[in-house]
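The values are calculated or read from the model by the stated rules, or taken from the named source; none is laboratory data. Quick caveat, the model's predicted, so the values are computed rather than measured. Counting neighbours? That spans all protein chains shown, and the Cβs are built from the backbone with ideal geometry, glycine included.
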Amino acid sequence: MRRSAPAFSLASDRPASGAKAHLFRGMFGTAEAVPSLRTIYEIAGSAFHILSSTIPACKKRWIGFSTSTMDKKLLLAVCLCVWIAALYLVGSSEARGQQAAGQYGAQAAPQRPQGGSATAGVFPAVLDSEKRPITAGGFVKEGPIVFQEIAEKAGLTSWRHTMGTPEKNYIIETTGSGVALLDYDNDGWLDIYMVNGSTVDAMTGKTELPHAALFHNNHDGTFTNVAEKAGVTNDRWGFGVAIGDFDNDGWPDIYVSNFGKNRLYHNNHDGTFTDVAEKAGVTLGNWSTGATFGDYDGDGKLDLFVPGYIHWDMEHLPPKPNSAANAVNFCQFRGIAVMCGPRGLPGEGDHLFHNNGDGTFTDVSEKAGVADKKGYYGFTSVFVDVNNDGKVDLLVANDSTPNYLYINKGDGTFKDASFMSGFALNQDGQEVANMGMAIGDYRNNGLLDLYTGTFSDDYKPLFRNGGNAYYTEIAPDIGMAQFTYPFLTWSTEFIDYDNDGWKDIFAVNGHVYPQVDQHNFGTSFAQRPFVFHNVKKGEKFEVVPAVEGTGLAKVLTGRGAAFGDLFNDGKIDVVINCIDNVPALMRNVNADKHHWIGLQLIGGPKSPRDAVGAVVYLTAGGLRQRGDVMSGGSYESSNDQRLHFGIGDVTAVSSVEIRWPDGFVEQVTLPSVDRIFEIEEGKGVVPSVYDGIALEVAQRKAAGQAAN
Ligand SMILES: [Ca+2]
Ligand SMILES: [Ca+2]
Ligand SMILES: [Ca+2]
């Protein structure tokens, strides 16, 4: 479904109204933004990006208008206005920076609470033939079946997520919780950890506390919830989860981010866990979100970064949507009263914890330069090497504020390259509501690209890495913007769902305002997921049709989601944590017969044992693909840490180069394809549980084929 063509737009894939009209709003902020947070650097950086993005666009249009003098004059006038304004911004940034600096002391004071998180404008509803918004419709009767939703059959619907009341009067009831895929018992089969929310009634003892779930993989397509026995029910108002073997004992541990104290569940190797967060010094205490483990200082031990969202006070709540205090309805979305936030509410700072190696951590946020003194609304973070210098950098997706991109300087500190990298804002120079993020090399050129999930009425930005972590946001330029406007996207990941060697994009959606279902806004509270298929070697993506009755046509209250090969069959599946609902399990049933490789990496004595931070370059059929071992990501979630490569019709891998976290570069030879191998640093492929699994899966496949 596409809207009518715009009258005039510098970009090609969205209406002219909204986008450019808001070009400068992002610089100074609006009623919704926080102008006092702007510094000289940010304003100058934003202006620089306007110049760098509009000059090529103007040039392109100029060449396009070869005959019409009137059009050329108009174009010249518009472009000149944009450039003059951008230069003015650079010039005036010093004064504004001083003004901003003067206001820093007052930043902790809450601003007037405000609602609404879209920035691009208001767009007309896109409805399907049955008058359903495209977010809950637009299905086709026939087409390729890519995902089937099998949560009930798999036994996941015995558990339910709960967060606040259905009315969603407060933002703390709306943002949902994450999912982690981890193999906690080291049997070679991914298990599932689902974070739960809570309610005020439960926290004050009136009702039972909602529990998190730990679903053990029974190897037969079903799962059993063992959270109680394992001691990981959390029983707090939970948001994010990150997986990392922080003590290098070979068993994955679990960090859970809550409103209130966080948990660090240490894996006891016997199916149980012990919360060691107090002793480790990593509890914090207000509203924590999607954490990430990573060894930023290269000492071989995983450190921990925990973003903060809003500094929330249960005793002093913002006004309810229809309360007297909100009589003027200043928390609005498209003119209707909704819950307040995040804008106008005080942000919660971020924390970096250095791993001391003795079971304790030290908060080094300030020293390292990642404390988030601006109080941006952090949701999801990931340690990963975006500038290919062998050290993990740090990405933070921030809601309704600019994203952070911190470059690791290698001396225990980070350089804030958020604006200069181009990751802070979308191509309009606009801060958007970044919930979660996908990280992957979708062009197979060895550079990590980024995609973030944002609010409805904003498109979902694609950040292309031009080298050295210099990003250009290009979603509208390659036709990926228009379709995504009505969706509110949380989790997203680059996954090669059809194993053709080119990474595709999966997005999990759902609105925060239940009120949208009462209005013809073209969006809905529950939304279907969407998939973009990488069809031209990273130059173009196409929306995969949502076939009725299949996973992509399932309308969900999606939030956190984790991506991984749950059934060891070489196809990436998706587990979705749906707010106030049962989970969804999207099993990848795509009909392709493409080949694949899975790699479980084990770090040596100088690297983190779970190899977080390792980078693999796998070459097959002339295609060189990159895979990074990461902790955290998606939206407040943690994906399968085994690396997955689709290799198309090729039946042999030419080379595997591994850059281990300690800097050691190893070449490994793989004896076959279509299975998972375990590789230990310095030892190449080692015997593992995956040898037995490969045999078992092959036998089952043969039996299945015989039965058919
Ligand atoms: Ca397992
Ligand atoms: Ca461990
Ligand atoms: Ca693909």
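Quick one: is GLY522 among the small types (Gly, Ala, Ser), over 20 Å from the mean Cα position of the chain (by Cα) and surrounded by 24 or more Cβ atoms within 10 Å (Cβ to Cβ)? Walk me through it before giving the result.
Details: among the small types (Gly, Ala, Ser): yes; over 20 Å from the mean Cα position of the chain (by Cα): yes; surrounded by 24 or more Cβ atoms within 10 Å (Cβ to Cβ): no.
The answer is no for GLY522.
Any residue that is crowded, with 24+ Cβ neighbours inside 10 Å and in contact with a His (Cβ under 6 Å, 6 or more places away or on another chain) - is there at least one of those in segment 467-489?
Yes, segment 467-489 has at least one match.
Of all residues in segment 461-508, count the ones that are away from ligand 3 (no atom under 16 Å from the Cβ), among the β-branched types (Val, Ile, Thr) and either under 16 Å from the mean Cα position of the chain (by Cα) or in a strand (DSSP E or B) (or both).
The qualifying residues number 4.
Scan segment 492-508 and report the pairs whose first residue is among the hydroxyl-bearing types (Ser, Thr, Tyr) and whose second residue is within 6 Å of ligand 3 (Cβ to nearest atom), with Cβ atoms within less than 7 Å and a gap of 6+ or a chain change.
Pairs that qualify, where the first residue is among the hydroxyl-bearing types (Ser, Thr, Tyr) and the partner is within 6 Å of ligand 3 (Cβ to nearest atom), are TYR497/ASP504.
Could you check GLU636 against (1) within 30 Å of ASN398 (Cβ to Cβ); (2) in contact with a Leu (Cβ under 9 Å, 6 or more places away or on another chain) and say which number it fails?
(2)
Just a yes or no: is a residue in segment 667-676 crowded, with 19+ Cβ neighbours inside 10 Å, small (Gly, Ala, Ser) and farther than 26 Å from PRO605 by Cα?
Looking through segment 667-676, none of the residues is crowded, with 19+ Cβ neighbours inside 10 Å, small (Gly, Ala, Ser) and farther than 26 Å from PRO605 by Cα.
What residue, among those in segment 631-648 that are more than 16 Å from ligand 3 (Cβ to nearest atom) and of a type in the set (Gly, Ala, Ser), is farthest from ILE243 (Cα to Cα)?
Going through segment 631-648, the residues more than 16 Å from ligand 3 (Cβ to nearest atom) turn out to be 631-642.
Filter again for of a type in the set (Gly, Ala, Ser), leaving 631-634, 637-638.
On the way: SER631: 6, GLY632: 7, GLY633: 10, SER634: 13, SER637: 9, SER638: 6 Å.
Among residues in segment 631-648 that are more than 16 Å from ligand 3 (Cβ to nearest atom) and of a type in the set (Gly, Ala, Ser), the one farthest from ILE243 (Cα to Cα) is SER634.
Does segment 647-660 include one or more residues that are under 21 Å from the mean Cα position of the chain (by Cα) and either crowded, with 24+ Cβ neighbours inside 10 Å or at pLDDT below 95 (or both)? Walk me through how you get there before you give the answer.
Taking segment 647-660 as the starting set, the residues that turn out to be under 21 Å from the mean Cα position of the chain (by Cα) are none.
The answer is no; no qualifying residue exists.
In the set THR165, THR274, THR233, which member is within 27 Å of PRO605 (Cα to Cα) and without any contact (Cβ under 8 Å) to a residue 60 or more places away in the chain? Don't jump to the end; show me each part of the working.
Details: THR165 fails: within 27 Å of PRO605 (Cα to Cα); THR233 fails: within 27 Å of PRO605 (Cα to Cα).
None of the others qualify; the one that does is THR274.
Kindly list, by first and then second residue, each pair from a residue in segment 343-368 that is crowded, with 17+ Cβ neighbours inside 10 Å and of a type in the set (Ser, Thr, Tyr) to a residue that is at pLDDT 95 or above and not in a helix (DSSP H, G or I), limited to pairs with Cβ atoms under 7 Å and residues at least 6 apart or on different chains.
SER365/ASP350; SER365/HIS351; SER365/LEU352; SER365/ALA371
Just one of THR204, THR199 is surrounded by fewer than 22 Cβ atoms within 10 Å (Cβ to Cβ) and modelled with pLDDT under 95; which is it? Explain how you work it out, then say what you get.
Working: THR199 fails: modelled with pLDDT under 95.
Answer to the check: THR204.
Conditions tested, residue by residue: (1) more than 23 Å from SER637 (Cβ to Cβ); (2) among the aromatic types (Phe, Trp, Tyr); (3) touching a helix residue (DSSP H, G or I) at 6+ places or on another chain (Cβ under 8 Å); (4) touching a residue at least 60 places away in the same chain (Cβ under 8 Å).
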site	(1), (2), (3), (4)
VAL384	no, no, no, yes
VAL396	no, no, no, yes
GLY412	yes, no, yes, yes
GLY453	no, no, no, yes
ASP458	no, no, no, yes
ASN468	yes, no, no, yes
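Can you tell me which residues in segment 585-623 are touching a strand residue (DSSP E or B) at 6+ places or on another chain (Cβ under 9 Å), outside any strand (DSSP E or B) and surrounded by fewer than 23 Cβ atoms within 10 Å (Cβ to Cβ)?
Within segment 585-623, VAL589, ASN590, ASP592, HIS594, GLY604, GLY621 meet the criteria.
Residues that are hydroxyl-bearing (Ser, Thr, Tyr) and farther than 29 Å from GLY281 by Cα: which strands (runs of 3 or more DSSP E) entirely in segment 344-454 hold 2 or more of them? Please lay out each step first, then the result.
Values: elements: 351-355, 361-363, 377-384, 393-399, 404-408, 414-416, 437-440, 449-452.
In segment 344-454, 449-452 are the strands (runs of 3 or more DSSP E) which contain 2 or more residues that are hydroxyl-bearing (Ser, Thr, Tyr) and farther than 29 Å from GLY281 by Cα.
Look through ALA291, ALA230, ALA212, ALA242 and report the one residue that is surrounded by 20 or more Cβ atoms within 10 Å (Cβ to Cβ), within 14 Å of ligand 1 (Cβ to nearest atom) and among the small types (Gly, Ala, Ser).
Values: ALA291 fails: within 14 Å of ligand 1 (Cβ to nearest atom); ALA212 fails: within 14 Å of ligand 1 (Cβ to nearest atom); ALA242 fails: within 14 Å of ligand 1 (Cβ to nearest atom).
Criteria check complete, one pass: ALA230.
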